[in-house]
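To keep things clear, I will list the structure first and then write my remarks on it.
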Amino acid sequence: MDSVILATGRRKEAIARVIMRKGTGKISVNGKKLNEYFGREYHIFHAFQPVIAANLQDKYDFECKVKGGGHTGQAGAIRLGIARAISKIDESLKKIMATGKFLTRDPRMVERKKYGRMKARRRYQFSKR
């Protein structure tokens, strides 16, 4: 195994670059600890899920640089990046990541606003008389 593994994850408008090294299980996001960067417990758990599934909590350090989007998109991007990095280690871990659906990129994006509408689908109020 190489000393450093690089992976990229995307969700909505967020892009996360993940660097994985042997270590003690620390995850840093843009220079901060994971629980300092994300305020909600859900985002922390969502980003950390692949590490728990592979049972690698105290074997590797993850350094994530994320930009764009909001916290939910960033947490999803980090999750995909970490899962891709873990799957590069071993074939058995790749199967664990695939069965947990951590390697699937979420294709949902914000629908664009259309002309003649208030938002993507919301119409202006119609008055019959």
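The values are calculated or read from the model by the stated rules, or taken from the named source; none is laboratory data. The shown structure was predicted, so the numbers you read here are calculated from the model rather than taken from an experiment. Neighbour counts are summed over all protein chains in view; Cβ atoms, including those assigned to glycine, are modelled from backbone coordinates with ideal geometry.
What to note about this one:
- Scan of region 49-63 for residues that are more than 18 Å from Arg10 (Cβ to Cβ) and either free of Cβ contacts under 8 Å to residues at least 24 places away in the same chain or crowded, with 19+ Cβ neighbours inside 10 Å (or both), ordered by number: Val51, Ile52, Ala54, Asn55, Tyr60
- Summed over region 1-25, the residues that are within 14 Å of Ile78 (Cα to Cα) and not β-branched (Val, Ile, Thr) give a count of 11.
- Residue within region 108-128 that is in contact with a strand residue (DSSP E or B) (Cβ under 6 Å, 6 or more places away or on another chain) and either farther than 15 Å from Ile5 by Cβ or in contact (Cβ under 8 Å) with a residue 40 or more places away in the chain (or both) present: no
- For region 77-107, the set of residues classified as of a type in the set (Lys, Arg), farther than 17 Å from Ile19 by Cα and in contact with a strand residue (DSSP E or B) (Cβ under 7 Å, 6 or more places away or on another chain) consists of Arg105 only.
- Near pairs, Cβ below 9 angstrom, 6+ apart or cross-chain, from region 93-106 (surrounded by 11 or more Cβ atoms within 10 Å (Cβ to Cβ)) to any residue that is among the small types (Gly, Ala, Ser) and not in a helix (DSSP H, G or I): Arg105/Gly9
- Only residues that are among the polar types (S, T, N, Q) and within 10 Å of the chain's Cα centre (by Cα) were counted in region 56-80, giving 2.
Every residue, every condition in (1) surrounded by fewer than 16 Cβ atoms within 10 Å (Cβ to Cβ); (2) under 18 Å from Leu103 (Cα atoms), yes or no:
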site	(1), (2)
Ile15	no, yes
Ile27	no, no
Ala47	no, yes
Lys65	yes, no
Ala75	no, yes
Gly81	no, yes
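- As for region 20-35, it holds at least one residue that is charged (D, E, K, R), out of contact with any strand residue (DSSP E or B) (no Cβ under 8 Å at 6 or more places or on another chain) and within 21 Å of Val4 (Cα to Cα).
- Any chance Val66 is under 18 Å from Lys26 (Cβ atoms), touching a Phe, Trp or Tyr at 6+ places or on another chain (Cβ under 9 Å) and at pLDDT 95 or above: yes
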